[in-house]
1. Test each condition in (1) at pLDDT below 80; (2) more than 8 Å from chain B (Cβ to nearest Cβ); (3) part of a helix (DSSP H, G or I) for A:Arg26 and report the one that comes out false.
2. If the Cβ limit is 7 Å and pairs must be 6+ apart or interchain, which residue in the stretch B:151-178 that is in contact (Cβ under 8 Å) with a residue 24 or more places away in the chain pairs with which residue that is among the aromatic types (Phe, Trp, Tyr)?
3. B:Thr153: under 30 Å from B:Leu90 (Cα atoms), of a type in the set (Ser, Thr, Tyr) and buried (at least 17 other Cβ atoms within 10 Å of the Cβ), yes or no?
4. Mind checking which residues of the stretch B:175-195 are surrounded by 15 or more Cβ atoms within 10 Å (Cβ to Cβ) and farther than 26 Å from B:Ile297 by Cα?
5. Is it true that B:Ala159 is touching a Pro at 6+ places or on another chain (Cβ under 8 Å), surrounded by 15 or more Cβ atoms within 10 Å (Cβ to Cβ) and small (Gly, Ala, Ser)?
6. Hey, could you check the stretch A:29-54 for residues that are in a helix (DSSP H, G or I), more than 7 Å from chain B (Cβ to nearest Cβ) and farther than 20 Å from B:Tyr12 by Cα and say which is modelled with the highest pLDDT?
7. Within the stretch B:86-105, can one find any residue that is surrounded by 13 or more Cβ atoms within 10 Å (Cβ to Cβ), within 12 Å of chain A (Cβ to nearest Cβ) and of a type outside the set (Ser, Thr, Tyr)?
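The values are calculated or read from the model by the stated rules, or taken from the named source; none is laboratory data. The structure displayed is predicted, hence computed values, not measured ones. Every residue, glycine among them, receives a Cβ derived from its backbone with ideal geometry; neighbour counts consider all protein chains shown.
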Amino acid sequence: MTETFLVPAIAAALLVCAEALTGPRRDPAWLGGVGIAAVAIAAVVVLAATAAVGRSIGLTVAGAAAAVAAVGLLRFLLRVLLGR
Amino acid sequence: MRASPTRKLQLYVAAAAVGAVAGLALGLPQLVAIAAPFAVYVAVGLVLTRKPQLTIEVTVARRRALEDEPVLVCLTVMAGSAVDGLALELALGAGVDVAGAPLSWPRRLAAGGLCEIDLGLRASRWGAYDLGSLRARATDRFGLIRYELSEVTLGRLRALPSRETLRLLLAPLELQATTGSRTARDRGEGIEFAENRPFVSGDRLRRINWRLTARRATPYVSERHPERNADVILFLDTFAEAAGTGGGGTLALAVRAATSLAAAYLARKDRVGAVGFGGTLIGVRARLGLEQLYRIIDALLGSEVVFSYAQKDVSFVPRRMLPPKALIIGISPLLDDRYINALLDLRARGFDLAVIEVSPEPFAQAGAGRSGELAYRLWLLQREAVRTRLRELGAPVARWRDDEPLQVPLAVTSEGKRRLRRPVAA
């Protein structure tokens, strides 16, 4: 579960950092949306890999859901802090 | 419109490729999972990309301005579709700079958005200038493709020389036959009273001075001075100039002086012409009116020092440019012998001549060492000899420096002319 949580979170963090560095849009709404999409895509890949090796799908789904929730919470906090 | 990939696109494609290859090589699906968002981002971005529709309109408030006077340029940027990463690049023409705040613009415009940017441009020296061009760049929503929009030219600006108000002008020795504002010495139809004389056969009855006639019991008439105008030719030296490192020079000063003189003489109803005598010949025939002022300024704006070995003399100047009885005002740094010889030739031909020497001395410094100082003093002596020679021939010379008003050399030259007219005591 840790792995399925960490991998999408790392993927989201990398993409959001790259997006913030290269632009052109750097507003929190756009960065948050990109982060959630990245988590979802990475989670799908991790799920596919987990299914292929026959591990527990339930734990994987729970990890991916936790990652999506973490990024969503981060986006919410950003919006609250920046007032948008 | 030209499209090209941005650095971001290259970076994301590289990240996706490295992650996928490393994941396959190392057997780690986690790396593929990390690289997958980059690949999806690029794919979605390229599918959804649209060319930004951007229109730029340029409005220049004036195409003519005085030198160093800011001209307002209004840039209107209209976005037909949403535009991200907007970048405006202003390439100013040579001799043009921004007056006031530098160019700033919003990075993002919504569809149908409008942005107006006011910019002040100025030319620090008189002349005709190309203001430059404006190039706009924008990226798509995802920042993957950069679009270079067509270049918009700002057009041309004519920076007119600044003028000085002149109260005292050089009076010409002789006037023309046409009506003007100057009181002639001879008698005729006019306003200024000259004298009374006995009536002779052929005199007009309206000229009879009835009071004097009644007192003297014999008819008297009042004579009057007619109002006439003069022809003034501004004779500019474009053979050589002394220029400083700051962009100023004797030619720039000479053109300013010529513009001020042309405006002042034309305001007094005189006919004014201009001749730029140098490597290339510039000539404007003497005419009247405000239009003539702009004709002279336009001709002088193109004047520049063109290096030439040609041995030119006054015979190169078309005869109609130098009308008879004209007052010729030479404006020169007196650096080139060909121009000095032309002045001597004009005086020898009987023209009424005065010279305003635009002093090159502020732009020249003595060389290092004793010999440099000696050479400088010799040069000053040679210049004084030229002035003396011109004065001996009846052409007053007055020196003019940038830091003093043009009225000063005019007053000196005017006094010089008065002295020359004074009869020599036996």
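1. (3)
2. What qualifies is B:Arg156/B:Tyr129; B:Leu157/B:Tyr129; B:Ala159/B:Trp126; B:Ala159/B:Tyr129; B:Leu160/B:Trp126; B:Pro161/B:Trp126; B:Leu169/B:Tyr265.
3. no
4. B:Thr183, B:Ala184, B:Gly190, B:Ala194
5. It is false that B:Ala159 is touching a Pro at 6+ places or on another chain (Cβ under 8 Å), surrounded by 15 or more Cβ atoms within 10 Å (Cβ to Cβ) and small (Gly, Ala, Ser).
6. Here the residue is A:Ala29.
7. Yes: the stretch B:86-105 contains one or more residues that are surrounded by 13 or more Cβ atoms within 10 Å (Cβ to Cβ), within 12 Å of chain A (Cβ to nearest Cβ) and of a type outside the set (Ser, Thr, Tyr).
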